[in-house]
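Engineer: Here you go, one structure.
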Amino acid sequence: MPVLPPDAEPLRVLHISDIHLTPGRHRLMAFVRSLASLEPDLVVNTGDSIASAEAIGPLLDSLGPLLDVPGMFVFGSNDLYSPKPKNPARYLWRTSAGDHDRDEPDLPWEKLGGEMAAAGWLDLNNRRGKLTVNGLDIAVAGVSDPHADRDRYDLVAGPADATAALRLGVLHSPEPKVMDLFAADGYDLLLAGHTHGGQLCVPGYGALVTNCGIDRDRVSGLSMHPPVSPDGGKTAWLYVSAGLGTSPWAPARFACRPEATLLTLMPRSS
Ligand SMILES: [Fe+2]
């Protein structure tokens, strides 16, 4: 997508999301491990990385050399709360928002975040940051998961750095009300996950539900946000990843392949 200054070299961004790792998922771990061969310039992890406390070590092993690449992460609700048995089709009649309204997180999210941060990845849970990749200054901001009501946009609010080559916003669940704020503050590109691409889809029709506020047409893939440019307002590019895994209690996808995404950011034409 054309979001870089006109004279910039292309930037390769590996977007991973929704791994939902448990220690026994050897094929998934091998696939994540294989992604380093793509040699991205930057890695963005939009959350739901684990599904058990024991998965942190295997996750770090799987990420392996990717942790040596500049990176950033936000949490999804599943990084905080361990998964519960549920009907895998229940997303068709209700969303999981509010599932944890009264719960304290029971997963070691501080350890998870601490390990990724110790490797050098930026923790963007309700934080701003900046980094330089291939000579490009990148201004970044993120929120913790809006789907679990942990987003505090007020802590990152304000115009994005206009002097940076790229302004990147990161969040787990692509909630329009939060993405509106990122776009209005001048972020060029928003990356999110959470939807699993609908997870149970109908061939020829697509996702039945998104499990969040975004519309079905934008359940995964590339779009603009807001989809219709507000009067005089700003729009951002949006990529929603269909994600790599599922909850271990809802281990089914239909007509909705898992994905990791290599995005190539290109210079604007003028
Ligand atoms: Fe997820």
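Engineer: In the range 1-155, with Lys and Arg counted as +1 and Asp and Glu as -1 at Cβ, which of these residues, Leu122, Thr46, Met72, has the Cα nearest the positive end of the dipole, that is, farthest along it?
Structural biologist: Thr46
Engineer: Rounded, prolate or oblate: which fits the range 1-97, taking a ≥ b ≥ c as square roots of the Cα gyration tensor eigenvalues, rounded meaning a/c under 1.5, else prolate when a/b beats b/c?
Structural biologist: The shape class here is oblate.
Engineer: Find the cysteines in the chain that fail to meet the 4.7 Å Cβ criterion with every other cysteine, and list them.
Structural biologist: Cys212
Engineer: FRET efficiency for Thr163 and Met224, Cβ-Cβ distance as r, R0 = 35 Å, nearest 0.05?
Structural biologist: 0.90
Engineer: Taking the alpha-carbon distance from Lys234 and a cut-off under 20 Å, which aspartates and glutamates remain once sequence neighbours fewer than 8 residues away in the same chain are dropped?
Structural biologist: Of all the aspartates and glutamates, those that pass the test against Lys234 - Cα under 20 Å, at least 8 places apart if same chain - are Asp154, Asp161, Glu175, Asp180, Asp185, Asp188, Asp215.
Engineer: OK, next. Between beta-carbons, use under 13 Å as the cut-off and find the net charge around Asp61, counting Lys and Arg +1, Asp and Glu -1.
Structural biologist: 0
Engineer: Mind checking which of Ala160, Leu136, Ala183 is farthest towards the positive end of the range 126-204's charge dipole, using Cβ charges of +1 (Lys, Arg) and -1 (Asp, Glu) about the Cα centre?
Structural biologist: Leu136
Engineer: Taking a ≥ b ≥ c as the square roots of the Cα gyration tensor eigenvalues, with a/c under 1.5 meaning rounded and otherwise prolate when a/b beats b/c, else oblate, which class fits the range 56-186?
Structural biologist: Oblate, since a/c reaches 1.5 and b/c is not below a/b.
Engineer: Which order do the peptides 207-220, 138-151 come out in when sorted by mean C-beta neighbours inside 10 angstrom, highest first?
Structural biologist: 138-151, 207-220
Engineer: So, with +1 on the Cβ of K and R and -1 on the Cβ of D and E, and no other charges, what is the size of the charge dipole of the range 28-185 about its Cα centre, to the nearest 20 debye?
Structural biologist: For this selection, approximately 280 debye.
Engineer: Which of the lysines could be linked to Lys84 by a straight reach, that is with a Cα gap under 29 Å, when you skip same-chain ones fewer than 8 residues away?
Structural biologist: Within the straight-line limit of under 29 Å, Lys84 reaches these lysines: Lys111, Lys177.
Engineer: Could you put His172, His26 in order of accessible surface area, largest first, with the 1.4 Å probe and the full protein assembly present?
Structural biologist: The ranking, largest first, comes out as His26, His172.
Engineer: How large is ³J(HN,Hα), in whole Hz, for each residue of the range 19-24 in order, when computed from phi with the Karplus curve 6.51 cos²θ - 1.76 cosθ + 1.60 and θ = phi - 60°, using x for Gly and Pro?
Structural biologist: Here the 3J(HN,Hα) series is 6, 6, 6, 10, x, x Hz.
Engineer: Once the other residues with Cβ under 15 Å from the Cβ of Ala8 are scored (Lys, Arg +1; Asp, Glu -1), what is the net sum?
Structural biologist: Taking every Cβ under 15 Å from that of Ala8, the sum is -2.
Engineer: Report the antiparallel proportion of the DSSP beta bridges in the range 116-270 as a percent, rounded to a multiple of 5.
Structural biologist: So the antiparallel bridges amount to about 50 percent of the total.
Engineer: Under a plain spin-label model, where a point goes 7 Å from the Cα along Cα-to-Cβ, how far apart in nm are Ser37 and Leu262?
Structural biologist: Here the modelled spin labels are 1.0 nm apart.
Engineer: Something else: Size of the dipole of the chain about the Cα centre, Lys and Arg at +1 and Asp and Glu at -1 on the beta carbon, nothing else charged, in debye to 20?
Structural biologist: Dipole magnitude for the chain comes out near 700 debye.
Engineer: Once you have a ≥ b ≥ c as the square roots of the Cα gyration tensor eigenvalues for the range 209-270, tell me rounded if a/c is under 1.5, and otherwise prolate or oblate according to whether a/b is larger than b/c.
Structural biologist: Verdict is oblate for the range 209-270.
Engineer: Considering only Ser241, Ser229, Ser173, give the residue with the highest GNM mean-square fluctuation for the chain, with springs between Cα atoms whenever their separation is below 10 Å.
Structural biologist: Comparing Ser241, Ser229, Ser173 in the GNM, the peak value goes to Ser229.
Engineer: Please work out how much accessible surface Met1 shows to a 1.4 Å probe, ignoring ligands, DNA and RNA, in Å² rounded to 10.
Structural biologist: Approximately 30 Å² for this residue.
Engineer: Relative contact order for the range 112-207: what percent, with Cα pairs under 8 Å and sequence separation of 6 or more?
Structural biologist: Averaging sequence separation for qualifying contacts and normalising by length gives 21 percent for the range 112-207.
Engineer: Keeping every protein chain present and rolling a 1.4 Å probe, give me the accessible area per residue for the range 16-116 in Å².
Structural biologist: 44 Å²
The values are calculated or read from the model by the stated rules, or taken from the named source; none is laboratory data. Keep in mind the model is a prediction, meaning the values are calculated, not measured. Don't worry about glycine lacking a Cβ; one is built from the backbone with ideal geometry, like all the others, and counts go over all protein chains shown. Remember, those area values only see protein heavy atoms, side chains included, never the ligands or the DNA or RNA. Shrake-Rupley method; radii C 1.70, N 1.55, O 1.52, S 1.80 Å.
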